[in-house]
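S.K.: Sending over a structure as structure tokens; questions will come in a sec.
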Amino acid sequence: MGVEGIGARVARKEDKRFLTGKGRYTDDMVVPGMKYAAFVRSPHAHATIRSIDVASAKAMPGVIDVLDGKQLLADGIGNLICGWMIHSKDGSPMRMGAWRPLADKTVRYVGDAVAIVVADSVAEARDAAEAVVIDYETLPVVTDLVEALGEGQPQIHPEAPGNLIFDWEIGDAGATDQAIAAAAHVTELKIVNNRLSPNAMEPRATLGIYDAGDDHFTCYTTSQNPHLARLVMSAFYNVAPENKLRVIAPDVGGGFGSKIFIYPEEIVCLWASKRTGVPVKWTADRTEAFLTDAHGRDHVSTVKMAFDSSNRITALKVDTIANLGAYMSLFSSCVPTYLYATLLSGQYAIPAIHANVRTVYTNTAPVDAYRGAGRPEATYLLERTMETAARELGLSPAELRRINFIRSFPHQTPVIMNYDAGDYEASLTAAMKTVDWDGFAARKAEAEGRGMKRGIGMSCYIEACGLAPSAAVGSLGAGVGLWESAEVRVNAVGTIEVMTGSHSHGQGHETTFAQVVAERFGVPIDSVNIVHGDTDKVQMGMGTYGSRSGAVGMSAVFKALDKVEAKAKKIAAHLMEADESDIVIENGALKVAGTDREVPWSQVALASYTAHNLPPGMEPGLKEGAFYDPSNFTFPAGCYICEVEVDPETGQTKIVQFVAADDFGNIINPLIVEGQVHGGLAQGIGQALLEGVHYDKSGQLLTASYMDYAMPRADDLPSFKVTTSNTPCPSNPLGVKGCGEAGAIGSPPALINAITDAIGNNELTMPATPQKVWAAARAIS
Amino acid sequence: MAKITMTVNGRQVSGTCDDRTLLVHFIRENLGLTGTHVGCDTTQCGACVVHIDGQSVKSCSILAAQAAGSSVTTIEGLASNGELHPVQAAFKTHHGLQCGFCTPGMVMAAVDMIRRHGSSLDEATVRTELEGNICRCTGYHNIVQAILAAAAETGGVRQAAE
């Protein structure tokens, strides 16, 4: 590794602009003639729209126009869609209800967009939105996922009788039931995975610009995948053909999944720009973000885990209900199925697994991928169950896991995944050593003396990242391929531009992708620019989610670098009259191996463009592109251990230690990897201790601001102890697995296992607020 | 409408805005200084922190008209002659930022925190005082490290000078 190459702890190139206020986010964009939008949103969770009266709103100061769903429909703008087809176990396709970008007949959750106001200022647009008079006829409401499936509940979409979207299964039910019947011990548990709000700090925003001269649209948007946004808006929503639609996702202030999806506002602002003849910008306020950003999690499950007399797991049976909210968001169907149930084998050799998943409509915001997306739900279920089983079987939690670890690879699970590499024992050992597991008993005794209850809990997670082999996901219902593209352009002076379809919204691609180039050519990272987030600059890409940018995006760069290197070596060999197989690249020069003959990288670049002396038949220029389609998922895994101290008088939980021992494969930049883990841990700890979305019975969102939704603050969290023990990923050229979601996946069960250990009561749901912990501790004493 | 004059980053500026305009919107829209961000509606997130007459203030919690006549420093005014302020530099060295959206408010709050506590700043105090700044990316770990490092560096320098 060079000082700036793969593995180097390099400070980020992009930091300067963010630290000096020069970041450029969507809401920072200003174009001539730009006006501002406010959306009129439903205050009811379920209602029919009898009439919309915009007369007084249109007469308000500064108002340019007020547009509604009937006009949108008349202009041929299509329904929002879910892009992953799931079939129920009876073979029928999922029952997707219509989602209009502006509701024209029925509203189905509080915040459903009904009309858009365009005005000279944000304040005037909001004033006028208040003046739009909508006559609603309210309908009965259901917000709870279990209730929604019950008899006599409100019917949310005519397409989905009984609010059931699909009833899906995976695995072998017969073998699983047999193993459970024959088991020496069965651990049974009900698991609730609480509903969360993603809360990227930058609220969603969009700027739609219609150019009547060219009949062309430009969309600035807070997206994790601008190319996918362009594809979907063109192919399904009829906004504009792809060649007439440019999507730009400039600096984006965090995503965590919530900015993968194409929301109504992008579509409506583009359409409104054409209707009004002015560029239209909309920026969500935080309450709109709580109301309308796709939420995460919200599962209720029952689990049975069977053991033989040697404490080996013989079977796992899971029944899950997942709430998808009022409409099926873009990837909502794959989250509780292929991103969830395929990970139910965890780190363990389990011969038989069966999972049944029912998804339901409710009168709540759409639910889709949120950091981890399905894998946190699988991990929480499995690791709470393992901990519970260890307690029931009288084994230490580490011992039960060790007995059941997968120890040889590749390993085919009963639920599709083929694990390619890992060393779960190494992560477990590293975590136990770092936390000083052996010293816990003494620390517990010391705490007891102060009247405090100490507990320790672990979680051994695995996730499938590097989404994903296109043919495999296609066979499972995905509407798109999940490859990635890259183009490496070497300039005539030797500096390099890399166009990538990955998108950075905090992950540091401008640094880490440059490190991959620096490693290859020995050039400084400052001479490498990473270009992303603009469909006019980058031909195509699938974006950033599912910890895929390293494993898939960088692998595409790697492939393009292979081609650039091959051509550069041909040119160098020609210039030095050497054999191309003798050319090596060292310290920014192309050398004839074993001699002192060399040409600098910049000279090879220049030669490729002057084209005065190229090998016969070679095209001028030094620019190559590549598409990389992974051959397998990647499988980051690790062990997290949490030690807590609970005050039995108040129920307050203090995290004394939190240790993360991860296996991410090869690491490009440890500084950035650690940062990703810290952030994921905070989100997982937030889920376990603080966060929860709550609707009341009428469908009003009770947690719609930072005064009501408990975001983790600095003083809620400890400093983390993170370590890695890595096994390279065999399926991609860089050997990387991905690190973006691990923290959020592995941490919630470790924390709840620790708290339940401390209080001696296993009955505890997330978030483990002081009130809940206090009650649970008292119930046992 | 209010006609407002104030000093921003050392320059006198004037502008006209609605009486109800918040300082943050005056800074972003009238002055085009978009480094100061808006992340919530309820004065919780701290992405909008600026300095008014040397003290950190959430610029969403004050009307622009109330800041008339004041000296305001925004994130754009912190670096001098192209050199990062020590707190900015520490955030970079310690990877105290990811998406960068909360960063301007974090840095401005940290500068004021260090001004008040100097090199005696400890982790517990940093975490308590960051109560009003929310970050969703970093888990605060590296922000805390960066602030402690900057405090040690700049506080140490100040002590040496005294």
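No lab work stands behind these numbers, since they all come straight from the coordinates. Treat the numbers as computed from the prediction; the structure is a model and nothing was measured. When we count neighbours, we look across all protein chains shown, and the Cβ atoms used for this are built from the backbone with ideal geometry, even at glycine.
S.K.: Over the stretch A:185-243, consider all pairs of different Cα atoms and compute the Kirkwood hydrodynamic radius from their mean reciprocal separation; express it in Å, one decimal. All intermediate terms of the calculation are to be shown ahead of the outcome.
M.R.: Values: mean 1/r = 0.0663 Å⁻¹.
Hydrodynamic radius (Kirkwood, Cα pairs) of the stretch A:185-243 is 15.1 Å.
S.K.: Let me ask another. Direction-averaged shadow area of the convex hull around the Cα atoms of the stretch A:362-415, nm²? Could the numbers behind the result be given before it?
M.R.: Values: hull surface 24.8 nm².
That works out to 6.2 nm², a quarter of the Cα hull's surface.
S.K.: What whole-number value in cubic angstrom gives the convex hull volume per residue for the C-alpha atoms of the stretch B:86-161? Don't jump to the answer; show the numbers that get you there.
M.R.: Values: hull volume 5.4 nm³, N = 76.
With only Cα atoms used, the stretch B:86-161 gives 72 Å³ per residue.
S.K.: Per the Kirkwood formula on distinct C-alpha pairs, the Rh of chain A is how many angstrom?
M.R.: Details: mean 1/r = 0.0363 Å⁻¹.
Hydrodynamic radius (Kirkwood, Cα pairs) of chain A is 27.5 Å.
S.K.: Out of residues 5 or more away from A:GLY588 or on other chains, whose amide H comes under 5 Å of its own, with H placed 1.01 Å from N in the peptide plane?
M.R.: Here the answer is A:GLY522, since their amide H atoms fall under 5 Å of that of A:GLY588.
S.K.: With bins 5 Å wide starting at 0, give me the P(r) of the stretch A:348-496 over every alpha carbon pair, in whole percents.
M.R.: Computed distribution, short to long bins: 2, 6, 10, 15, 16, 12, 10, 9, 8, 5, 3, 2, 1, 0, 0.
S.K.: Moving on. How large is the dipole of chain A about the Cα centre if only Lys and Arg carry +1 and Asp and Glu carry -1, each at its Cβ, rounded to the nearest 20 debye?
M.R.: On the way: 66 positive and 90 negative charges, 41 e Å.
The calculated dipole for chain A is roughly 200 debye.
S.K.: Please state, as a whole number in µm²/s, the translational diffusion coefficient that the Stokes-Einstein equation yields for the stretch B:1-142 at 20 °C and 1.002 mPa s, with Rh defined as the Kirkwood radius across alpha carbon pairs.
M.R.: Numbers: Rh = 15.4 Å.
In µm²/s, the coefficient rounds to 139.
S.K.: Hey, got a sec? Which GluC sites (Glu not before Pro) in the stretch A:552-632 land in a DSSP loop and have at most 11 other Cβ atoms within 10 Å?
M.R.: On the way: sites: A:GLU565, A:GLU577, A:GLU580, A:GLU586, A:GLU598, A:GLU624; in loops: A:GLU577.
Answer by residue number: A:GLU577.
S.K.: What is the fewest-to-most order of A:LEU139, A:LEU717 by other Cβ atoms lying within 10 Å of their Cβ? Display every interim value, and only then the final one.
M.R.: Details: A:LEU139 17, A:LEU717 22.
Fewest-to-most ranking of A:LEU139, A:LEU717: A:LEU139, A:LEU717.
S.K.: A:LYS244: which aspartates and glutamates have alpha carbons under 13 Å from its alpha carbon, excluding same-chain residues fewer than 8 sequence positions away?
M.R.: A:LYS244 reaches A:ASP211, A:ASP214, A:ASP215, A:ASP536.
S.K.: So what are the stretch B:2-77's ellipsoid semi-axes, whole angstrom, largest first, if each one is the square root of 5 times an eigenvalue of the alpha-carbon gyration tensor? Present the calculation step by step, with values, prior to reporting the outcome.
M.R.: Numbers: eigenvalues 56, 39, 23 Å².
The answer is 17, 14, 11 Å, longest axis first.
S.K.: With a point put 7 Å past each Cα toward its Cβ, work out how far B:SER80 is from A:ALA235 in nm, to one decimal.
M.R.: 5.6 nm
S.K.: Could I ask something else about it? How would you rank A:37-47, A:273-283, highest first, on the average number of other Cβ atoms within 10 Å across their residues?
M.R.: Working: A:37-47: 23.5, A:273-283: 21.9.
Sorting A:37-47, A:273-283 by mean packing, highest first, produces A:37-47, A:273-283.
S.K.: Using 1/(1 + (r/R0)^6) with R0 = 45 angstrom and r between the beta carbons of A:ALA442 and A:PHE409, what's the FRET efficiency to the nearest 0.05? The partial results should precede the final answer.
M.R.: On the way: r = 38 Å, r/R0 = 0.83.
That pair, A:ALA442 with A:PHE409, gives E of 0.75.
S.K.: Could you please tell me the mean projected area of the C-alpha convex hull for the stretch A:223-335, averaged over all directions and given in square nanometres to one decimal?
M.R.: If I average the Cα hull's projected area over directions, I get 10.6 nm².
S.K.: Also: Of A:PHE331, A:PHE440, how do they rank once you tally other Cβ atoms within 10 Å and put the fewest first?
M.R.: Numbers: A:PHE331 24, A:PHE440 18.
Taking fewest neighbouring Cβ atoms as first place, the list is A:PHE440, A:PHE331.
S.K.: What is the order of A:SER333, A:SER88, A:SER549, fewest Cβ neighbours within 10 Å to most? Provide the component values of the computation, followed by the final result.
M.R.: Working: A:SER333 27, A:SER88 18, A:SER549 30.
So the ranking, lowest neighbour count to highest, is A:SER88, A:SER333, A:SER549.
S.K.: Could you pull out every residue, at least 5 positions away or on a different chain, whose amide H is within less than 5 Å of the one on A:THR314? Hs are placed 1.01 Å off N in the peptide plane, and Pro or chain starts have none.
M.R.: A:ALA306, A:PHE307, A:ASP308
S.K.: In straight Cα distance, which lysines are under 27 Å from A:LYS433, not counting same-chain residues fewer than 8 positions off?
M.R.: The reachable lysines, counting only those whose Cα sits under 27 Å from A:LYS433, are A:LYS444, A:LYS453, A:LYS654, A:LYS721, A:LYS737.
S.K.: In addition: Report the calculated FRET efficiency for B:VAL13 and A:VAL30 (r = Cβ-Cβ distance, R0 = 22 Å), to the nearest 0.05.
M.R.: Numbers: r = 17 Å, r/R0 = 0.78.
For B:VAL13 and A:VAL30, the calculated efficiency is 0.80.
S.K.: Report the extension gain between A:ASP90 and A:ARG450 in nm, rounded to one decimal, defined as 0.36 nm multiplied by the number of residues separating them, less their alpha carbon distance.
M.R.: Gain on stretching A:ASP90 to A:ARG450: 123.7 nm.
S.K.: Additional query: Dimensions of the stretch A:483-628 along principal axes (Cα, Å, largest first)?
M.R.: Result for the stretch A:483-628: principal-axis Cα extents of 47, 28, 23 Å.
S.K.: Ignore the peptide's own chain and count Cβ atoms of other chains within 10 Å of each Cβ in B:86-96; give me the average, rounded.
M.R.: Numbers: counts 0, 1, 5, 4, 1, 4, 8, 3, 3, 16, 3.
So the per-residue partner count for this stretch is 4.
S.K.: With Kirkwood's inverse mean 1/r over C-alpha pairs for Rh, give me the Rg to Rh ratio of the stretch A:134-200, two decimals please. Provide the component values of the computation, followed by the final result.
M.R.: On the way: Rg = 18.7 Å, Rh = 16.5 Å.
My calculation of the ratio gives 1.14.
S.K.: Next question. Compute the separation of the alpha-carbon centres of the stretch B:1-36 and the stretch A:355-428 and state it in Å as a whole number.
M.R.: 53 Å
S.K.: From other protein chains only, count the Cβ atoms within 10 Å of every residue's Cβ in B:124-133, then give the mean. Let's see the in-between values first.
M.R.: Numbers: counts 1, 1, 2, 7, 3, 2, 3, 4, 2, 3.
Mean partner-chain Cβ count within 10 Å for B:124-133: 3.
S.K.: Tell me, what ³J(HN,Hα) does each residue in the stretch A:340-348 have, in order and in whole Hz, if you take phi through Karplus 6.51 cos²θ - 1.76 cosθ + 1.60 with θ = phi - 60° and put x for Gly and Pro?
M.R.: Using θ = phi - 60°, the values come out as 10, 6, 6, 9, 6, 7, x, 8, 10 Hz.
S.K.: Moving to a separate point now. Pop a pseudo-label 7 angstrom from the Cα along the beta-carbon direction at both A:ALA98 and A:GLU147 and give the gap in nm to one decimal.
M.R.: Once both label points are built, they end up 2.8 nm from each other.
S.K.: Can you pull the mean other chain C-beta count within 10 Å for peptide A:284-294? Show your work: numbers first, answer last.
M.R.: Values: counts 1, 5, 7, 3, 1, 3, 1, 0, 0, 0, 0.
Per residue, the number of nearby Cβ atoms from other chains is 2 on average.
S.K.: Along the Cα→Cβ direction, 7 angstrom out, place labels at A:VAL480 and A:ASP629. What is the inter-label distance in nm?
M.R.: Each label point is offset 7 Å from its Cα along the Cβ direction, giving 1.6 nm.
S.K.: Hey, which aspartates and glutamates would be in cross-link range of B:LYS3, C-alpha to C-alpha under 18 Å, not counting anything within fewer than 8 residues on its own chain?
M.R.: B:ASP18, B:ASP19, B:GLU29
S.K.: Once phi is turned into θ = phi - 60°, what whole-Hz ³J(HN,Hα) does the Karplus curve with 6.51, -1.76 and 1.60 give for every residue of the stretch A:513-518, x standing for Gly and Pro?
M.R.: 5, 5, 5, 5, 5, 4
S.K.: Bin width 5 Å, alpha-carbon pairs only: give the P(r) of the stretch A:77-204 as whole percents, running from 0 to the bin holding the largest distance.
M.R.: Histogramming the stretch A:77-204 at 5 Å steps yields 2, 7, 10, 13, 16, 15, 12, 8, 6, 4, 2, 2, 2, 1, 0 percent.
S.K.: If each residue of separation counts as 0.36 nm, what is the full-extension length gain between A:LYS22 and A:THR723 once their alpha-carbon separation is subtracted?
M.R.: Values: separation 701, 0.36 × 701 = 252.36 nm, distance 3.35 nm.
Using 0.36 nm per residue and subtracting the Cα-Cα distance, I get 249.0 nm.
S.K.: A further question follows. With r as the distance between the Cβ atoms of B:GLU123 and A:ALA492 and R0 = 41 Å, compute the FRET efficiency 1/(1 + (r/R0)^6) and round to 0.05.
M.R.: Values: r = 51 Å, r/R0 = 1.24.
Using R0 = 41 Å, I get an efficiency of 0.20.
S.K.: Would you pull out the residues with amide H under 5 Å of A:TYR327's amide H, same chain only if 5 or more places away, H placed 1.01 Å from N?
M.R.: Those lying under 5 Å, H to H, from A:TYR327 are A:VAL367.
S.K.: Moving to a separate point now. Would you kindly derive the ³J(HN,Hα) couplings of the stretch A:538-546 from the backbone phi angles with the Karplus curve 6.51 cos²θ - 1.76 cosθ + 1.60 (θ = phi - 60°), listing them in order in whole Hz, with x for Gly and Pro?
M.R.: 10, 4, 7, x, 10, x, 10, 5, x
S.K.: Same structure, new question: Which of the GluC sites (Glu not before Pro) across the stretch A:146-201 are loop residues per DSSP, with 10 or fewer other Cβ within 10 Å? Don't skip to the end; give the middle numbers.
M.R.: Working: sites: A:GLU147, A:GLU151, A:GLU159, A:GLU169, A:GLU188; in loops: A:GLU151, A:GLU159.
Filter output for the stretch A:146-201: A:GLU151.
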